[in-house]
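Report on the following structure.
The values are calculated or read from the model by the stated rules, or taken from the named source; none is laboratory data. Computed from a predicted structure; not experimentally measured. Reconstructed Cβ throughout: ideal geometry from the backbone, glycine too, with neighbour counts over all protein chains shown.
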Amino acid sequence: MVSNYLQTAKDNEAVFRSILRDLRDNRTVRPMGLFVPEDLDTEAELEKLFAKYSSGNRYGIFTITNFQVKEGFATIAFQDIAFLSGGGASLKYSVDGNDVQYLEPEFTMMS
C-alpha cells in the first residue's frame, strides 16, 4: 500500500533526492536493491516522480511506498510485488542537513 508521502518529499526535497541517488548508485549493495531500476529517475519534478513511482496500478513495477523524515533520520520504503515473486525493503538513513548516510534496513520482504 502506498502512502501519500509527496508533501514530506517536498518539505525535504534535497534529502529525498539524495536517498534516491543512493538507491540508484548503490543498488547492488542495498537490501533488495535488485528491485531498484538501474535508471531510477532522481531529477524530475517531485510530482512526476510520485506519479512515475507511486501512482496507478503498481503490480510487478518498482514502487516507492513511503518516505518519512523524523529526528535526524529518514526512511524510504519500496517494493516490486508480483504473484510468486518480488520483494521490497524499508531502509533507514541518517540525515545531517541535506546529507544522508545509509544506516540499515528496517524491514525486508520477499513474496
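Any idea which of (1) surrounded by 14 or more Cβ atoms within 10 Å (Cβ to Cβ); (2) more than 19 Å from Leu6 (Cβ to Cβ); (3) modelled with pLDDT of 95 or more is the one Phe67 doesn't satisfy?
Here Phe67 meets the rest and fails (2).
For the chain, which strands (runs of 3 or more DSSP E) that fit wholly inside it have 1 or more residues that are without any contact (Cβ under 8 Å) to a residue 60 or more places away in the chain, among the small types (Gly, Ala, Ser) and touching a Lys or Arg at 6+ places or on another chain (Cβ under 8 Å)?
Working: elements: 63-70, 73-82, 85-96, 99-110.
Qualifying strands (runs of 3 or more DSSP E): 85-96.
Can you tell me which residue is surrounded by the fewest Cβ atoms within 10 Å (Cβ to Cβ) among those in the stretch 88-111 that are within 10 Å of Thr75 (Cα to Cα) and polar (S, T, N, Q)?
Checked the stretch 88-111; the qualifying residue surrounded by the fewest Cβ atoms within 10 Å (Cβ to Cβ) is Ser94.
Filter the stretch 36-57 for residues that are polar (S, T, N, Q), under 20 Å from Met1 (Cα atoms) and surrounded by 12 or more Cβ atoms within 10 Å (Cβ to Cβ) and give the result.
Going through the stretch 36-57, the residues polar (S, T, N, Q) turn out to be 42, 54-55, 57.
In the following step, the residues that additionally are under 20 Å from Met1 (Cα atoms) were identified as 54-55, 57.
Those that are polar (S, T, N, Q), under 20 Å from Met1 (Cα atoms) and surrounded by 12 or more Cβ atoms within 10 Å (Cβ to Cβ): Ser54, Ser55.
Filter the stretch 72-99 down to the residues that are on the phi > 0 side of the Ramachandran plot and at pLDDT 95 or above and list them by number.
Answer for the stretch 72-99, where residues must be on the phi > 0 side of the Ramachandran plot and at pLDDT 95 or above: just Gly72.
Going by the conditions given, is Thr63 under 26 Å from Ser85 (Cα atoms), polar (S, T, N, Q) and in contact with a Ser or Thr (Cβ under 9 Å, 6 or more places away or on another chain)?
Criteria met by Thr63.
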